[in-house]
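The values are calculated or read from the model by the stated rules, or taken from the named source; none is laboratory data. Just so you know, these numbers come straight off a predicted model, no measurement behind them. Neighbour counts are summed over all protein chains in view; Cβ atoms, including those assigned to glycine, are modelled from backbone coordinates with ideal geometry. All accessible areas refer to the heavy atoms of the entire protein, side chains included, with ligands and DNA or RNA removed. Shrake-Rupley method; radii C 1.70, N 1.55, O 1.52, S 1.80 Å.
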Amino acid sequence: MRCLHLADTLGLPRVASVQNPYNLLNRSFEVGLSEIAHREAVGLLAYSPLAFGVLSGKYLDGQRPADGRLTLFERFSRYTSDIAQEATRAYVEIARRHDLDPAQMALAFVTAQPFVTSNIIGATTLTQLESNLASDQLTLSAEVMEEIEAVHRRISNPCP
Amino acid sequence: MQRRPLGKTDMQVSRLCLGTMTFGEQNSEQEAHQQLDRAVDAGINFIDTAEMYPVPPKAETQGRTEAYIGSWLQQRGRRDDLIIASKAAGAGRGMTHLRGGPRHTREQIHQALDASLARLQTDYLDLYQLHWPDRHVNCFGELGYVPGDDSEATRSRRPWARSRKPWMPARFAPWGSPTTRRGA
């Protein structure tokens with residue numbers, strides 16, 4: 001805020017964006033920064049929208065696909081706690097109930113937020129990339145959004 | 001693909017941005033180029049990278065991601081169609097392979113920017129970001145800020161005081177940094 005104030009009053013280059021993690025398992029940006037994003041026109045470039053791939057469901061129940069980043073690099077433990085798995089399972093079940101791909105649902109949720117300027121997708125295969133790109137065509141129904149909110153109220157930000 | 005304004009700049013970025021942190025570790029140069037081609041074909045004009053990529057950060061691979069994007073840019077041309085963002089690493093992540101330990105000083109940011117531009121084979125970035133604050137902050141799942149646990153911040157405040165650069169976020173600024181268009 002101080003930096004923005006100085007930029008605006010002294011005619012200096014202005015902060016244009018914030019790149020913080022934002023995904024179904026970590027919505028902490030909403031609490032303190034979403035209002036600033038709106039009022040100051042400093043939008044979120046959402047980092048880790050799939051929580052390192054966890055929100056695809058591919059790591060549930062101890063699965064460790066051979067080419068997955070969490071399999072290859074054990075240092076990445078942010079999104080694999082018990083509570084994170086419980087929330088992930090709940091989000092994956094919402095997607096399955098509504099015949100959605102869990103990863104695409106997770107991405108569409110991020111892209112739809114009014115404080116998000118751009119959603120930073122990442123892939124290690126072209127198949128994953130195609131799926132991520134296709135999430136741009138997906139608009140989540142009010143029913144899906146309400147079910148997502150219900151899980152969020154029960155397990156808020158398990159991976160801050 | 002819908003485009004949205006980037007802050008108060010005159011730039012419009014696609015609402016999906018291509019992240020690149022796997023290029024040079026989990027993805028080869030050829031795979032990186034295939035992803036870049038496909039993403040741009042799908043309407044993405046926004047590419048995000050960082051000097052420390054690929055992940056996990058290592059001395060022997062540092063800079064590969066930007067280099068792979070650079071070789072693609074060189075082949076493709078039409079640089080002005082694209083919004084390219086990179087980042088300068090900050091203090092306190094043990095990355096001594098970057099300038100002996102990266103800091104967000106004026107000198108180091110210039111060094112980092114010049115090196116990124118060289119790897120990217122371009123003469124400007126559209127957006128330059130501080131990869132994390134040059135002070136003690138909560139990150140990677142930490143909760144409950146502890147003012148006493150401030151050794152990093154104690155070290156990092158001095159350069160700010162000396163540099164007197166009000167355009168750099170000294171206290172409350174978020175991770176993003178001002179748009180950088182060299183020569184503009």
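Using a 1.4 Å probe on protein heavy atoms only, how many Å² of accessible area do B and A hide from each other, summed over both chains and rounded to 100?
Approximately 4000 Å² gets buried when B meets A.
Which whole number of Å³ per residue matches the convex hull of the alpha-carbon atoms in segment A:18-160?
107 Å³
Name the residues whose placed amide hydrogens come within less than 5 Å of the amide hydrogen of residue A:20, ignoring near sequence neighbours (fewer than 5 apart) on the same chain.
It is A:45, A:47, by chain and number.
When the solvent-accessible surface of protein heavy atoms is calculated with a 1.4 angstrom probe, in what order do A:76, B:46 fall, highest first?
Sorted by accessible area, descending: A:76, B:46.
Between residue A:83 and residue A:96, what length comes free when the chain is fully extended (0.36 nm per residue of separation minus the Cα-Cα distance, one decimal in nm)?
2.7 nm
Give me a comma-separated list of calculated 3J(HN,Hα) values for segment B:32-38, in order, Karplus coefficients 6.51, -1.76, 1.60 applied at θ = phi - 60°, integers in Hz, x for any Gly or Pro.
4, 5, 4, 5, 5, 4, 5
For segment B:3-163, what is the convex hull volume of the alpha-carbon atoms per residue, in Å³?
138 Å³
Which log10 I(q)/I(0) values, to two decimals, does segment A:80-160 give at q = 0.11, 0.14, 0.26 Å⁻¹ under the Debye formula with one point per Cα?
One equal scatterer on each Cα of segment A:80-160 leads to -0.30, -0.49, -1.38.
R0 = 56 Å: FRET efficiency of residue A:61 with residue B:107, Cβ-based, nearest 0.05?
That pair, residue A:61 with residue B:107, gives E of 0.65.
Counting pairs of alpha carbon atoms under 8 Å apart in space and at least six apart in sequence, what relative contact order in percent does chain A give?
With pairs under 8 Å counted, the relative contact order is 29 percent.
Can you pull the percent of Cα pairs in the protein assembly as shown with separation above 35 Å?
When all Cα pairs of the protein assembly as shown are counted, 18 percent exceed 35 Å.
Leaving ligands, DNA and RNA out of it, work out the accessible area of residue B:53 with a 1.4 Å probe and give it in Å² to the nearest 10.
Near enough 10 Å² of accessible area.
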